[in-house]
Every structure is written in structure tokens, then in C-alpha cells.
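Derivation of every value follows stated rules applied to the coordinates shown; laboratory data play no part. From a predicted model like this one, the values you see are computed outputs, not experimental measurements. Positions of Cβ are generated from backbone atoms using ideal geometry, with glycine treated the same way; all protein chains shown enter the neighbour counts.
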Amino acid sequence: MTLCSDKWIRKMALERGMIEPFVDGQIKGGKVSYGLSSYGYDLRVAREFKVFTNVYNSIVDPKDFRSDAFVDIEGDYCMIPANSFALARSVEYFRIPRDVLTLCIGKSTYARCGIIVNVTPFEPEWEGYVTLEISNTTPLSAKIYAGEGLAQVLFLQADEVCDVSYADRKGQYMKQIGITCPKVSV
């Protein structure tokens, strides 16, 4: 596998719609940076959040996920309570080529504030908005800014295409539009 450069990412975004909307370069200016970087793309978090709550004594069960386990928040920022967790989605829609796998890791600005971003790999031929998992590991509330950078996507190109892609096996999170809660296929 080869780590893809900014030139490759730009070409795939502009010619094949791999990232939409695509920001060609780093946007800063008082914001948590986002856009194209040297060997990756810093995605933005959208205005929709699902913040976990214990108001209804729910449990988190991936086989029986209940909507009363979180509250929906929409706005220019989201306050995640101390030692809590939220789901969000990317502003960008991704279309991953058949010979590419991505890794997505949190940005250092948030990591230095005790915010951990966990995103599973974008598999070959997966497409959709990214559901972002955000953990506040601190004993303080944490503010997450919508429309600004949250995580960096690294693109790894394989030497050959895979036999079975995410699209081929009809993955359950294919073409997700909003924040997608956990589900287990039957």
C-alpha cells in the first residue's frame, strides 16, 4: 500500500468526485483547520450531533440501539458533557475507489483537549457521509465547532484491487446520509 499525496487526492476529488464538497488547501483563520493537507484531507463536522444521555436509564446495545440513549442537537457548536460521547457526521460526502482504504484519525487540536475521534476505515467502494464518534475523556464539558475540522483522512492505495469491495457485499452503512446509529444485519 502507498500513502496518497495531496496531488493524488486533489485529482481524485476533482475528476472523480471522491470528496464533495472539496476544499483545495488548508482553511485556518481562527478555525480548527480543514481541507487538503500534504498527505490527507481534514474533514469538517456538520451541524447535527447526537449526544448520549442517561436521562432514561437506557443501555447501549448495538443489536437493539434505542433512540432515547441520546439527544439531538443542531447548531454552530455542540457541548459534550464530561466523560461523555457524541455522534456527528462529516460535511463532506466520500466515494472511495476500489483500490483504496482510508484511515481517519482525530486532529491534534482536539486531541490536546482530551477529545478522541474514532472512525472506522472507509473500505474500498464505500460511499456516504462519515459518521464520526467523538469521546470527551475529560472531567470538563467540551465544545465541538460545526463547520470546522475534526479529523484527518489518510488515503492508502493498494497495489491491486480487492476481490470483494464494500459495495459488492452490500455493506449496511453504504450511502449513509445522516448520522447513522449502530445496526446489526440479520
(message) With n ≥ 4 as the cut-off for DSSP H runs, can you work out [θ] at 222 nm for the chain, using -39500 (n - 2.57) per run divided by the number of residues, rounded to the nearest 500?
(response) -2000 deg cm²/dmol
(request) Go ahead and set up a Gaussian network model of the chain, Cα springs under 10 Å, then flag whichever of Gly17, Gly128, Gly29 fluctuates most. (result) Gly29
(message) Are there any trypsin sites (Lys or Arg not before Pro) in the range 15-67 that are in a DSSP loop and have at most 16 other Cβ atoms within 10 Å? List them by number.
(response) Lys28, Lys31, Lys63, Arg66
(message) Restricting to Cα pairs below 8 Å that are 6+ residues apart, what does the relative contact order work out to for the range 34-107? Please round to a whole percent.
(response) 36
(message) Which residue fluctuates most in the GNM of the chain (Cα springs below 10 Å): Val130, Val161, Val117?
(response) Val161
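Assign unit charges at the C-beta atoms only (+1 for Lys and Arg, -1 for Asp and Glu), then state the dipole size of the range 92-186 relative to its Cα centre in Debye, rounded to the nearest 20.
480
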(message) Going by Cα centres, the range 48-126 and the range 1-37 are how many Å apart?
(response) 21
(message) With the crude spin-label approximation of a point 7 Å out along Cα→Cβ, what separation in nm comes out for Phe22 versus Lys175?
(response) 2.2
(request) Please work out whether the range 1-92 counts as rounded, prolate or oblate from its C-alpha gyration tensor, where a ≥ b ≥ c are the square roots of the eigenvalues and a/c under 1.5 means rounded, while otherwise a/b larger than b/c means prolate and anything else oblate? (result) prolate
(request) Starting from the eigenvalues of the Cα gyration tensor, five times each then square-rooted, give me the equivalent ellipsoid semi-axes of the chain, largest first, whole Å. (result) 28, 21, 13
(message) Pairs of alpha-carbon atoms within less than 8 angstrom and 6+ residues apart define the contacts here; what relative contact order does the chain have, in percent?
(response) 28
(request) Please report, in Å, the Rg and the Dmax of the range 39-112, where both are computed over Cα atoms only. (result) 15.2, 44
(request) About the Cα centre of the range 18-111, how large is the charge dipole given +1 on each Lys and Arg Cβ and -1 on each Asp and Glu Cβ? Please answer in debye to the nearest 20. (result) 200
(request) In debye, nearest 20, what is the charge dipole magnitude of the chain about its Cα centre with +1 on Lys and Arg Cβ and -1 on Asp and Glu Cβ, if you could check? (result) 360
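How large is the convex hull of the C-alpha atoms of the range 13-56 per residue, in Å³?
129
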(message) With 10 angstrom as the radius, rank Ile134, Ile115, Ile105, Ile177 by how many other C-beta atoms surround their C-beta, starting from the fewest.
(response) Ile177, Ile105, Ile115, Ile134
(request) Please count, across the range 1-158, the pairs of lysine residues with Cα atoms under 28 Å apart that sit 8 or more places apart or on different chains. (result) 16
(message) Of Thr2, Gly147, Val23, which is farthest towards the positive pole of the chain's charge dipole, taken about the Cα centre with +1 and -1 on the beta-carbons of Lys, Arg and Asp, Glu respectively?
(response) Gly147
